[in-house]
């Protein structure tokens with residue numbers, strides 16, 4: 001297995017061709033100039049740091065007390081972001097901060113494949129889509145494999161696929177595949193209920209809302225499918241964009257609006273029933289410094305909370321938008337590939353430059369900033385560290401990192417509370433640590449490492 005450079009953020013530079021049923025014919029791993037860039041490119045991981053993204057706390061908020069709503073138990077993490085509005089909130093999980101079990105049957109990232117899909121969990125099962133497009137159901141209590149299924153393309157020329165996503169709706173597991181299809185499987189057995197081929201690979205996680213499956217393809221086509229039989233209800237086409245971040249973004253829905261992120265940097269709100277556009281925003285920046293900072297992709301999912309839409313791009317915009325009118329209420333120069341978490345009056349996020357921040361959700365004013373360790377070797381500025389999360393669990397902001405750490409920070413101050421090294425990285429260790437955000441289920445924090453190991457943290 002090839003070593004994966006531990007860099008700031010996970011990216012996939014793949015040309016999106018709408019007529020293709022796969023990305024296997026494309027070459028997303030072009031060579032870099034330096035040895036570090038070359039290694040990163042081979043693994044599909046490229047550093048993305050904008051040099052101007054430095055936030056400071058608002059002096060008027062120095063004495064602000066960060067008060068959170070009570071934590072809630074999680075009986076289901078059925079889709080990316082837990083619920084259709086993607087507002088996971090304050091959950092109860094991982095209070096002991098100890099490993100309950102780990103499972104290592106999944107294929108991790110290698111030269112020509114990448115692990116990018118966050119797991120989902122419901123009804124005692126954790127579902128994992130690995131880097132080889134193999135699907136697993138894992139017993140949430142024991143960590144034992146319940147069933148597995150190998151996803152296959154209808155095109156014999158398709159040898160591999162990238163991306164995709166998972167969601168659970170009742171007794172159905174919805175699978176969006178990088179091979180270019182969406183399918184509903186029986187969650188208890190993996191048997192196929194329906195399958196619908198798409199014109200392009202699926203690169204994000206499906207959103208389930210009001211009997212519909214919402215999904216975005218690699219060519220930025222947004223589709224609404226019937227959850228019942230997979231029939232196409234409506235589609236819309238955003239601006240095509242060939243460069244994207246290797247992640248699993250997802251639309252967010254609440255009431256009579258669904259908000260969708262695109263690799264073009266667009267955020268578009270629709271009526272879920274018929275696809276009529278309500279408003280559009282663009283989270284792009286004009287002052288670009290590097291080719292990487294010119295990637296406009298919204299690699300995370302929007303969060304809908306109390307009438308607001310919170311969305312972010314890796315190029316350097318974190319914005320609060322009025323969900324009804326589309327009016328931008330506030331914006332910060334903060335690039336991230338991770339979805340923020342909103343709880344009560346506060347929003348928490350971790351950026352591509354390793355800043356962990358707390359802001360007032362309605363005003364966007366910065367309460368505190370914590371600079372996390374940026375490099376494995378700080379004195380030499382080598383091996384940049386990227387962070388995934390945060391998950392707000394049991395009054396702690398939980399992150400994982402590319403150097404194999406699980407960390408807990410205070411939501412009130414940002415100070416480090418506890419930390420564990422779960423994956424050995426480096427020359428004599430594993431290839432990489434964590435690039436996928438933590439989730440919570442049944443009192444546990446669930447982590448999926450880049451080598452395919454699944455951790456349950458009690």
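Taken together, the values in this text are just the output of simple stated rules run on the coordinates, not laboratory data. Not measured: the values here are computed from a predicted model. Cβ atoms come from the backbone with ideal geometry, glycine included; neighbour counts cover every protein chain shown.
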### Query
Rounded, prolate or oblate: which fits region 178-222 when a ≥ b ≥ c are the square roots of the eigenvalues of the alpha-carbon gyration tensor, with rounded for a/c under 1.5 and prolate only if a/b beats b/c?
oblate
## Note on the structure
With a Förster distance of 25 angstrom and the Cβ-Cβ distance between residue 68 and residue 99, calculated FRET efficiency to the nearest 0.05 equals 0.45
### Message
What whole-number distance in Å separates the alpha-carbon centres of region 133-153 and region 444-458?
### Response
14 Å
### Pairwise centroid distance, computed over Cα atoms, of region 301-324 with region 365-432, Å
24 Å
### Query
Could you give the nm distance between label points at residue 235 and residue 132, where each point is 7 Å from its Cα heading toward the beta carbon?
3.2 nm
#### Entry: Exposure proxy order (Cβ contacts within 10 Å, fewest to most) of 342, 99, 117
99, 342, 117
#### Entry: Segment residue 278-residue 306, extension gain: residue separation times 0.36 nm, minus the distance between their alpha carbons
8.3 nm
### Task
For residue 331 paired with residue 362, estimate the spin-label separation in nm (one decimal), with each label point 7 Å from Cα along the Cα-to-Cβ line.
2.3 nm
### Query
How many nm separate the modelled label positions at residue 271 and residue 142, each set 7 Å beyond the Cα in the direction of the Cβ?
5.1 nm
### Task
Provide 368, 279 in ascending order of the number of other Cβ atoms located within 10 Å of each residue's Cβ, fewest first.
279, 368
### Task
Express in nm, to one decimal, how much length is gained between residue 189 and residue 92 on full extension, taking 0.36 nm for each residue of separation and deducting their alpha carbon distance.
32.0 nm
### Message
Within region 118-133, list the residues whose amide N lies under 15 Å from a label point set 7 Å along Cα→Cβ of residue 152.
### Response
133
### Query
Could you put 146, 448 in order, starting from the residue whose Cβ has the fewest other Cβ atoms within 10 Å?
146, 448
